[in-house]
Amino acid sequence: MSSSAATPAVPDALPEVKADRIPLLLIPALALLALPAIGSFSTWVTLTFAGLAMGMIIFIIASGLTLVFGLMDVLNFGHGVFITLGAFLAVSVLGAMAPWSTSDRMILNVAVVLVAMLVAMVVTGAVGLGYERLIIRPVYGNGLKQILITMGGMIVGEELIKVIWGPQAIPLPLPTAFRGSVLFGEAAVERYRLIAVVIGLIVFAAMIWVLSNTKVGLLIRAGVHDREMVESLGYHIRRLFVGVFVAGSALAGLGGVMWGLYQQGVMPQMGSAVNVLLFIVIIIGGMGSVGGCFIGALLVGLVANYTGFLVPKVALFSNILLMVVILLWRPAGLYSVGKR
Amino acid sequence: MLSRILSGDFPRSRVLTAVLIVVVLGLALAPFVFPGARALNVAAKICVFIVLVASFDLLLGYTGIVSFAHTMFFGIGAYGVAVAITRMGPSWAAVAAGVGVALVLSFALSLVIGLFSLRVKAMFYAMITLAVAVAFQTLASQLSDLTGGEDGLSFKVPELLTPSFSLSETPFLGVSLNGKLISYYLLFAATVLLFLVMLRIVNSPFGRVLQAIRENEFRAEALGYRTVAYRTASNVLSASFATLAGALLALWLRYNGPDTSLSFEIMIDILLIVVIGGMGTLYGAVVGSAIFIIAQNYLQDLMKLASNATSGVPVLRDLLHPDRWLLWLGLLFIISVYRFPIGIVGKLRVNAWIKARAKAMAAATAKGVS
C-alpha cells in the first residue's frame with residue numbers, strides 16, 4: 001500500500017506520530033528503585049532475572065489474548081486451557097523422549113525441548129482452530145454469552161485434560177543442560193531463567209517485526225485500531241481473526257511449555273490459576289496493545305519477585321496493587337488502543 | 001392472595017408449576033420423606049443455593065452484568081457469622097452481630113466496586129471482579145488469626161440449633177425433634193422469605209428498569225433512568241442477598257473455610273446453575289439448584305455404575321469416571337448458552353405460551369366457522 005507517484009499532491013511521508021516512551025522507562029525505574037530497598041547487589045540481580053523470566057513467559061501467553069481482544073472484542077476466558085494443554089504436552093514429549101532429556105549431551109537436551117515446544121504449538125494451534133469454530137463463533141458479538149461460553153470452554157477443557165492425563169499434578173524436570181546456574185560475579189542466575197528471557201525477547205522481536213513489516217501485520221494493527229475501516233477496504237477481517245486466534249493459542253501453548261518447565265511441574269488447574277494474572281497484564285498494558293502487554297508482563301513479573309523477597313505478605317496482592325496504581329495514572333492502560 | 005405472595009409472577013407453565021411444587025414440597029418435608037443425614041444436607045445445600053443463585057440472577061439475568069465476585073459476598077456472610085461466634089461465643093447476639101457486620105461490609109464493598117467499575121464494559125467488569133475475588137480469597141486465607149486461614153473455623157451454634165437440644169422425647173413420624181431439625185426449618189423459612197422478597201424486587205418498577213437496562217442500556221438512559229445508579233443498586237442488592245445466603249450456610253454447617261464459601265469452584269457452580277436453570281427468571285434458580293445439587297451428589301453414583309459397566313472400553317471409562325461429572329455439566333452449560341439461553345424455565349414457559357396461543361387460535365377459527 002505504497003503511495004503512488006502519480007499523485008504528487010499526497011505527501012510522501014505521513015507526519016511522524018509522537019512516540020510515547022514514558023511507559024518504557026517504568027521497567028528500569030522499577031528495577032533501580034528496588035536496588036536500594038533490597039540492599040545486596042547479587043540478590044538484586046537474581047531477583048531481577050527471575051522477574052524478567054516470569055514476565056517474558058507471561059508475555060508470550062498474554063500476547064495472543066490481547067490481540068484477539070483488540071481485533072474482535074473477543075475476550076477468551078478459556079485462554080488458560082491452552083497453557084495447561086501446552087504444559088501437559090511437554091510432559092508427554094519429555095516423558096516419551098526421556099533418554100534425550102536426561103542425556104548429558106546438550107544438543108539432545110535442546111532438541112527435546114524444541115520438539116516439545118513444536119508439538120505443543122502445533123496441537124494448541126489446531127485445538128484453537130476448533131475452539132474458535134465451536135465456542136467463539138456461535139456467540140460472536142454478544143459480550144455476555146461470550147464470557148459465559150468461554151468460561152464453559154475452560155471448564156470442559158480442564159476436565160478433558162484430566163480425562164487424558166489424570167487429575168493429579170505431574171513433575172516436569174528440566175533437561176540436564178538447563179539445570180544449574182550461571183555466576184555473574186557473586187550473583188547466581190538460574191540458567192533456565194536466562195533461556196526464558198532470551199526466548200521471550202525472540203518472540204517479542206518476531207511479533208513486532210511481523211506487526212510492523214508485513215502486510216498481515218499492517219492489517220492486524222489497522223484492524224485493532226478500526227475494524228470497520230479495514231473491512232470497508234475489502235479485507236476479510238474474520239479470516240484474519242481466525243489466524244490471530246490460532247497464533248495466539250499456539251503462543252499460549254508455547255508459554256505453557258515454558259511455564260511448566262519454570263515451575264518444574266504441571267497440574268490441570270495451572271491454566272485457570274494464571275488466567276487472573278493474564279487479565280491483569282492485558283488491562284495494565286491497554287487492551288489490544290502488544291507493546292503495552294510486554295511492559296505490563298515484565299512489570300508484573302518484577303513486582304511479584306521484588307515484593308516476594310521484601311514483603312512476602314504483600315506479594316500475594318502485588319499484582320492487583322500494581323494494576324490499581326497504573327489505572328489511576330492511565331485509566332485505559334499504559335497504551336490505549338483505538339476507540340476503547 | 002397467592003398472586004400477592006408471588007408478586008404476580010406465576011410460573012406460567014403447567015410443567016414448571018408441577019416441578020416447582022415437587023421441589024418446594026420435597027424441601028419442606030425433606031426431614032420426614034428422605035431420612036438420613038446425607039439427604040438432609042443435600043436439601044439444606046439446595047436451600048442455600050436457591051438464595052445464592054437467585055441473588056446472582058438479579059445481577060446476571062435481570063441486569064445483564066457478569067460478576068465473578070459473587071462468592072466474595074457469599075464468603076463475607078459466612079465468615080461474618082463464623083468469626084462473630086468464635087469471638088463472642090454461641091449466642092443469638094453473636095449471630096446478629098456477625099450478619100450485621102457482614103452486611104455492612106458487603107454493602108460498602110459492592111458499592112465501591114459498582115461505582116468504580118460499572119461504568120465500563122461488561123468484559124472489564126468481569127475481569128476486575130475476577131481479580132478482586134481472587135485477592136479476597138488470598139486475604140481470607142492469609143488473615144489466619146481472624147479467619148482460621150486455610151483450616152477455616154469450626155464453631156458452636158446457639159443451643160436451640162444444636163443436635164443435643166431436644167423439643168420432645170418422643171419422635172414425631174419417626175423423626176427426632178432436635179436442634180438439627182429446627183436448624184433445617186429455620187434455613188428453609190429463611191430461603192422462602194428471601195426468595196419471595198427477591199421475587200418482589202424483580203417484579204417491582206425498579207426491577208422493570210433493571211430489565212430495560214439489560215435489553216438496551218442506551219435506550220434506558222435515553223428514557224431518563226440513571227443506569228449507573230440502577231446497576232450499582234442491583235449490584236448492592238445482589239451482594240446483600242449473597243451475604244445472607246453465606247450466613248445461612250455457616251449456621252447450617254457450623255463451619256466455614258475458604259473452600260466452602262470462597263472458592264472459584266462455587267462461582268462456577270453458580271454460573272452453571274443460573275444458565276442451566278434459566279437466566280432472567282428467579283424460578284430458574286429453584287429448578288437449577290435442585291437439579292444441580294442433586295446431580296452433584298447423586299450423578300456421581302450413577303456415573304460410577306456406568307464407568308464400571310464400561311470398564312473394558314478405555315476412553316469411555318475415563319469419560320464416565322465419577323470425578324468427571326463436571327465435564328458433562330460443562331457441556332450442558334455450553335449447549336445451554338447457545339441453544340437455549342433462556343434455560344429450562346424459559347423453555348418451559350415458551351412452550352406453554354406457544355401451546356396456549358395455538359389453542360386460542362384454534363378456538364378463534366372454530367368460532368369463525370360456526
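The values are calculated or read from the model by the stated rules, or taken from the named source; none is laboratory data. Owing to the predicted nature of the structure, the values given are computational and were not obtained by experimental measurement. With ideal geometry, Cβ positions are generated from the backbone for all residues, glycine too; neighbour counts draw on all protein chains shown. Note: areas computed on protein heavy atoms with side chains; ligands, DNA, RNA excluded. Shrake-Rupley method; radii C 1.70, N 1.55, O 1.52, S 1.80 Å.
Miscellaneous remarks
- Segment B:192-203 - residue that is open to solvent by 10 Å² or more (accessible area, probe 1.4 Å) and in a helix (DSSP H, G or I) and, of those, nearest to B:Phe241 (Cα to Cα): B:Leu194
- Among the residues examined, B:Tyr125 does not qualify as buried (at least 17 other Cβ atoms within 10 Å of the Cβ) and at pLDDT 85 or above.
- The residues of segment B:5-53 that are at positive phi and surrounded by 16 or more Cβ atoms within 10 Å (Cβ to Cβ), listed by number, are B:Ser7, B:Arg12.
- Here B:Leu115, B:Leu130 are screened, and the one residue that is closer than 30 Å to A:Asn275 by Cβ and within 14 Å of chain A (Cβ to nearest Cβ) is B:Leu130.
- In the set B:Leu105, B:Leu109, B:Leu130, B:Leu115, only one residue is part of a helix (DSSP H, G or I), surrounded by fewer than 17 Cβ atoms within 10 Å (Cβ to Cβ) and of a type in the set (A, V, I, L, M, F, W, C); that residue is B:Leu115.
- For the criterion of being more than 15 Å from A:Ile83 (Cβ to Cβ), open to solvent by less than 50 Å² (accessible area, probe 1.4 Å) and either within 14 Å of chain B (Cβ to nearest Cβ) or touching a helix residue (DSSP H, G or I) at 6+ places or on another chain (Cβ under 8 Å) (or both), A:Ala196 fails.
- The one condition in (1) closer than 28 Å to B:Pro35 by Cα; (2) at pLDDT 90 or above; (3) not hydrophobic (A, V, I, L, M, F, W, C) that B:Asp259 fails to fulfil: (2)
- Total residues in segment A:124-153, condition open to solvent by 50 Å² or more (accessible area, probe 1.4 Å) and either touching a Leu at 6+ places or on another chain (Cβ under 6 Å) or in a loop (DSSP other than H, G, I, E, B) (or both): 3
- Scanning segment A:174-187 for residues that are open to solvent by less than 40 Å² (accessible area, probe 1.4 Å) and not in a loop (DSSP other than H, G, I, E, B) gives A:Ala177, A:Phe178, A:Ala187.
Here is a yes/no grid of residues against (1) under 22 Å from the mean Cα position of the chain (by Cα); (2) open to solvent by less than 20 Å² (accessible area, probe 1.4 Å); (3) at pLDDT 85 or above:
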residue: A:Pro15; (1), (2), (3): no, no, no
residue: A:Leu26; (1), (2), (3): yes, no, yes
residue: A:Leu52; (1), (2), (3): yes, no, yes
residue: A:Phe59; (1), (2), (3): yes, yes, yes
residue: A:Gly80; (1), (2), (3): yes, yes, yes
residue: A:Leu114; (1), (2), (3): yes, no, yes
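- Summed over segment A:27-59, residues that are in a helix (DSSP H, G or I) and either closer than 15 Å to A:Ala297 by Cα or not aliphatic (A, V, I, L, M) (or both) total 22.
- Within segment B:327-368, if we keep just the residues that are touching a residue at least 24 places away in the same chain (Cβ under 8 Å) and among the polar types (S, T, N, Q), the residue that is farthest from B:Met267 (Cα to Cα) turns out to be B:Asn351.
- Residue in segment A:325-340 that is most open to solvent (accessible area, probe 1.4 Å), counting only those that are within 13 Å of chain B (Cβ to nearest Cβ) and among the charged types (D, E, K, R): A:Lys339
- Counting only residues that are open to solvent by 10 Å² or more (accessible area, probe 1.4 Å), in contact (Cβ under 8 Å) with a residue 40 or more places away in the chain, more than 8 Å from chain B (Cβ to nearest Cβ) and not in a helix (DSSP H, G or I), segment A:154-173 holds 5 of them.
- Where helices (runs of 4 or more DSSP H) fall wholly inside segment B:265-370, the ranges with 1 or more residues that are more than 12 Å from every other protein chain (Cβ to nearest Cβ), among the charged types (D, E, K, R) and touching a Leu at 6+ places or on another chain (Cβ under 7 Å) are B:343-369.
- Pairs with Cβ under 9 Å, 6+ apart, first in segment B:30-48 and over 15 Å from B:Tyr298 (Cβ atoms), second modelled with pLDDT under 90 and assigned to a loop (DSSP other than H, G, I, E, B): B:Phe32/B:Leu173; B:Phe32/B:Gly174; B:Pro35/B:Gly174
- Residue within segment A:258-275 that is among the polar types (S, T, N, Q) and either farther than 30 Å from B:Glu265 by Cβ or crowded, with 19+ Cβ neighbours inside 10 Å (or both) present: yes
- Test result for A:Leu322, within 12 Å of another protein chain (Cβ to nearest Cβ) and either in contact with a helix residue (DSSP H, G or I) (Cβ under 6 Å, 6 or more places away or on another chain) or at pLDDT 90 or above (or both): yes
- Total residues in segment B:32-81, condition in contact with a Lys or Arg (Cβ under 6 Å, 6 or more places away or on another chain) and not in a helix (DSSP H, G or I): 1
- Exactly one residue out of A:Phe294, A:Phe309 is more than 13 Å from chain B (Cβ to nearest Cβ), under 23 Å from A:Val224 (Cα atoms) and open to solvent by 10 Å² or more (accessible area, probe 1.4 Å): that is A:Phe294.
- Some residue of segment B:232-255 being in contact with a strand residue (DSSP E or B) (Cβ under 7 Å, 6 or more places away or on another chain), in contact (Cβ under 8 Å) with a residue 40 or more places away in the chain and closer than 30 Å to B:Ala126 by Cβ: yes
- Given (1) among the small types (Gly, Ala, Ser); (2) on the phi < 0 side of the Ramachandran plot; (3) in contact with a Gly (Cβ under 9 Å, 6 or more places away or on another chain), index of the condition A:Gly288 fails: (2)
- The set of residues from segment B:81-93 being buried (at least 21 other Cβ atoms within 10 Å of the Cβ) and touching a residue at least 40 places away in the same chain (Cβ under 8 Å) comprises B:Val81, B:Ala82, B:Val83, B:Ile85.
- Options A:Met121, A:Met106: the member that is within 20 Å of the chain's Cα centre (by Cα), open to solvent by 40 Å² or more (accessible area, probe 1.4 Å), under 24 Å from A:Arg191 (Cβ atoms) and touching a residue at least 40 places away in the same chain (Cβ under 8 Å): A:Met121
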